[in-house]
Amino acid sequence: MVRRILLISFFLSAYGAGAQSADQFLDSNGIKIRYVVTGKGEPVVLIHPFATSAEIWEPIAKDLSQNYEVIAMDCRGHGKSDKPHDPNQYGVEMVNDVVRLMDHLGMKKATIIGYSMGGSIAMKMLTEHPDRFRIAIIGGSLGFTRYESEHDETPRLGPDLMSGMPLSDAMIASAPSNWPKPSAQQHEMMKRMDAGQDPKALGAETVSHQGLWVRDDQLEAITVPTLVIYGGQDHPETYEAAKTRFPNLQFKVIEGAGHGAAMQSPEFLRDIREFLGKHAPVTGETPSDSPASRQFSAWLNAYNSGDRAVLLKFFQDSYSSDAPNIDREMQRRLNMTGGYDLKKMKESSSEKYSAILKMRDLEQYIQVTIQVEPDEPHRISRLDVQMIPRPVEFLSSRTTQDDAISALQSKLATEAAADRFSGAVLVAKSGKPIFSGAYGLADRAKNVRNSLDTEFRLGSMNKIFTAVAFFNLRKLAKSAWKTHWANTSPTIRTKKFPPKLESRTC
């Protein structure tokens, strides 16, 4: 993992978004570590990139906290955690901070997600404490290695920071000559963020990576379900080679994204969600432990996986008679629902389980009822899915204009990333535009993105517009003739009116 610190996207997003819950602190062997907790459910621990803080996870934490207990921490040397200047206080101690935090919160296992520096910490933790993981999701990293340290593209960064040079100046001074220089505006934004950093602490972290080194044989031994997400412009050859070297790991590429942009893209959250859907229960409430509730959880996880083979195997193993049509269910999953989130249990007994769920991609609620056979292996004898109105307890509160536009932007970006929407959007209030944007591709073959100036070829939609215009014209012509007819002489009434309207297709 080569740290792309000059890509400004991290620094533009890491600040200005506040955590949504109260700060909490842990004494980690004499170092104060700050963390925030949101949501309920299976625990998910987030480890941030270099020179950022827990706030960079805010959009992802907000989404995941609907179904999981999300713990975002400030690594030592960052954010509101203590910032020692001794390099010996970093390295593997950053792994130990995560373990101590989990012990402090009583977590035997958790899903752990890290990006860049945070991903490298998680990789080292996978080799040292694999028993503490349910799932690992690593972004923009394959771990720190001896080879990488010997071929560091920014060898001056650590010493410059330890000398007390401000972060913005150190990043620019240490950059290779072939890296793009930040614009004056970007440089000014970077300088404004220097006040939130301790350069000597960041320098001490940068020169301590030997304590986090991982070897190929250690990565080959990983058995925890692990997904590596990387940007298509973030040294993709490194990850392509890793796919052969580490077949035990799974990989997802975010096409067209660099190191910083990949984490900020909607595809990053989508990939996290899909991997969690395959390997972690998604619940708003934990189902009771009964044969019916276990079948319900198995159905929900299989459905949310989005994997045809997983869903097919569930149908084959769990139904006592005819299973649902697999292709119809996959089309519903991919094109309509986006999966389900459990919102509330309605009824639970040994042979029956009923719950309210929400479609992830629509503001639509359903009630699902599963009945199972009384005898082992308790196969499903009946599964009913009914659309229901949004329950009163889940009614949304009225939002502000800014929040509504922000939610719309997030939804449009997610739909475009999933290739479910392509086009332009205009929102107006009292006749005045308050938001406009273009999303998706205008030309797939040439990978040309839409803009507000894109000329859309509407195809068959043009025919509908033409038909509406034609019938309106004919209606107007008849109306005009009726008025004229009442005022004309008898001699004119012998003619055929209204005149015939003709149309031509060009």
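General observations
- In this entry, THR206 passes the filter for residues that are within 15 Å of SER116 (Cα to Cα) and either of a type in the set (Phe, Trp, Tyr) or surrounded by 21 or more Cβ atoms within 10 Å (Cβ to Cβ) (or both).
- Pairs are defined by a Cβ separation below 9 Å, a sequence spacing of at least 6 or placement on different chains, a first member in region 371-393 that is farther than 21 Å from TYR303 by Cβ and in contact (Cβ under 8 Å) with a residue 12 or more places away in the chain, and a second member that is of a type outside the set (Val, Ile, Thr) and in a loop (DSSP other than H, G, I, E, B); the pairs so defined are PRO374/SER350; PRO374/GLU351.
- The single condition from (1) open to solvent by less than 40 Å² (accessible area, probe 1.4 Å); (2) in contact with a strand residue (DSSP E or B) (Cβ under 8 Å, 6 or more places away or on another chain) that LYS243 fails is (1).
- Taking the criterion of being open to solvent by 10 Å² or more (accessible area, probe 1.4 Å) and touching a residue at least 60 places away in the same chain (Cβ under 8 Å), the residues of region 110-132 that qualify are LYS124, THR127, PRO130.
- If you go through region 349-358 and keep only what is touching a Pro at 6+ places or on another chain (Cβ under 7 Å) and either among the β-branched types (Val, Ile, Thr) or open to solvent by 10 Å² or more (accessible area, probe 1.4 Å) (or both), you end up with SER350, GLU351, ILE356.
- Any hit, region 293-305, residues being open to solvent by 60 Å² or more (accessible area, probe 1.4 Å), modelled with pLDDT of 85 or more and outside any loop (DSSP other than H, G, I, E, B): yes
- Taken over region 68-105, the residue count meeting the criterion of being surrounded by fewer than 23 Cβ atoms within 10 Å (Cβ to Cβ) and under 14 Å from VAL37 (Cα atoms) is 5.
- Looking only at region 24-41, and only at residues there that are at pLDDT 85 or above and in contact with a Phe, Trp or Tyr (Cβ under 8 Å, 6 or more places away or on another chain), the one that is farthest from LEU342 (Cα to Cα): LYS32
- Taken over region 445-478, the criterion of being of a type outside the set (Asp, Glu) and at pLDDT 80 or above is satisfied by ALA445, LYS446, ASN447, VAL448, ARG449, ASN450, SER451, LEU452, THR454.
- Single residue of region 431-446 satisfying the filter (without any contact (Cβ under 8 Å) to a residue 24 or more places away in the chain and out of contact with any Lys or Arg (no Cβ under 8 Å at 6 or more places or on another chain)) that is nearest to THR414 (Cα to Cα): SER436
- Pair list, Cβ under 7 Å, 6 or more apart: region 214-240 residue under 19 Å from ILE272 (Cα atoms), other residue open to solvent by 60 Å² or more (accessible area, probe 1.4 Å) and of a type in the set (Lys, Arg): LEU227/LYS252; ILE229/LYS252
- Where strands (runs of 3 or more DSSP E) fall wholly inside region 397-448, the ranges with 1 or more residues that are in contact with a helix residue (DSSP H, G or I) (Cβ under 9 Å, 6 or more places away or on another chain) and loosely packed, with under 11 Cβ neighbours inside 10 Å are 423-429.
- Tally, over region 359-378, of residues that are open to solvent by 90 Å² or more (accessible area, probe 1.4 Å) and over 23 Å from the mean Cα position of the chain (by Cα): 2
The values are calculated or read from the model by the stated rules, or taken from the named source; none is laboratory data. These numbers come from a predicted model, not from an experiment. Please note: Cβ atoms are built from the backbone with ideal geometry, for glycine as well, and neighbour counts cover all protein chains shown. For the accessible areas, the whole protein counts, side chains as well, though only heavy atoms, and no ligand, DNA or RNA atoms are used. Shrake-Rupley method; radii C 1.70, N 1.55, O 1.52, S 1.80 Å.
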